[in-house]
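Novice: I'd like to ask you about the structure that follows.
The values are calculated or read from the model by the stated rules, or taken from the named source; none is laboratory data. Only a predicted model underlies this, so the values are computations on that prediction, with no experimental measurement involved. As a convention, Cβ positions derive from the backbone with ideal geometry for all residues, glycine included, and neighbour counts pool all protein chains shown. Calculation scope for accessible area: heavy atoms of the full protein, side chains included, ligands and nucleic acids excluded. Shrake-Rupley method; radii C 1.70, N 1.55, O 1.52, S 1.80 Å.
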Amino acid sequence: LFLLGIICVGITLGVADQYLVVYLDELNASAWIVGVTVAVTAFPEIPIMSYVGTFIRKWGLRITYIVGISALPVRWLCNILVTEPNIALPVQALHGVAMSALLAVGVIYIDNILPKTLRASGQAIYSTSLYGLGPSIGLFLAGLIMSSGSTKPLWVLCLIVGVIGCV
């Protein structure tokens, strides 16, 4: 069940990585806003990752993980509602919150739930689900959906699939 959830989260990441710039173009964002927005998605990762140990000690692995990845459905909802590029820019910082959970907390979680002999395989399956299978499915679906001509249905898909992944 955990890996199915990760595949769902991966579906949304594939769509977001590929269609963020198209979304910003639909909002008539200037070139500098597009560039800054793409960069801003990673900014929160460093400070948040530096406190991951503290968060885990305070709230535990599962709560820290769920809170972190829950930033993605919030981001997708905002992408549906936001029509102004200057507002879309800070919304994308939620990506860094979620990625901190996926890259740090999720890896620790996998390492803790598996016996030593399966940890390397578990990490490989986790990464393949999150960065391989999930995004591949997401990009296939996004290609079909983009025939409508707008990214808004993509964010609806991401919201639904993202909530399923978090649950």
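Novice: Please go through the range 56-93 and give me each residue that is open to solvent by 30 Å² or more (accessible area, probe 1.4 Å) and free of Cβ contacts under 8 Å to residues at least 24 places away in the same chain, ordered by number.
Specialist: R57, K58, W59, I63, V74, C78, L81, I87
Novice: Suppose we filter the range 122-167 for residues that are open to solvent by less than 60 Å² (accessible area, probe 1.4 Å), among the small types (G, A, S) and free of Cβ contacts under 8 Å to residues at least 60 places away in the same chain; how many remain?
Specialist: 5
Novice: Show the residue pairs meeting these rules: Cβ distance below 9 Å; 6+ apart or different chains; first residue within the range 32-46 and free of Cβ contacts under 8 Å to residues at least 60 places away in the same chain and acidic (D, E); second residue part of a helix (DSSP H, G or I) and surrounded by 13 or more Cβ atoms within 10 Å (Cβ to Cβ).
Specialist: Final answer for the pair search is E45/H95; E45/G96; E45/V97; E45/M99; E45/S100; E45/L103; E45/A104.
Novice: Kindly establish whether S70 is touching a helix residue (DSSP H, G or I) at 6+ places or on another chain (Cβ under 9 Å) and among the polar types (S, T, N, Q).
Specialist: Details: touching a helix residue (DSSP H, G or I) at 6+ places or on another chain (Cβ under 9 Å): yes; among the polar types (S, T, N, Q): yes.
In short, yes.
Novice: Right, another one. Spot the failing condition for V36; the list is (1) assigned to a helix (DSSP H, G or I); (2) over 18 Å from G96 (Cα atoms), and only one is missed.
Specialist: So V36 meets the others, but not (2).
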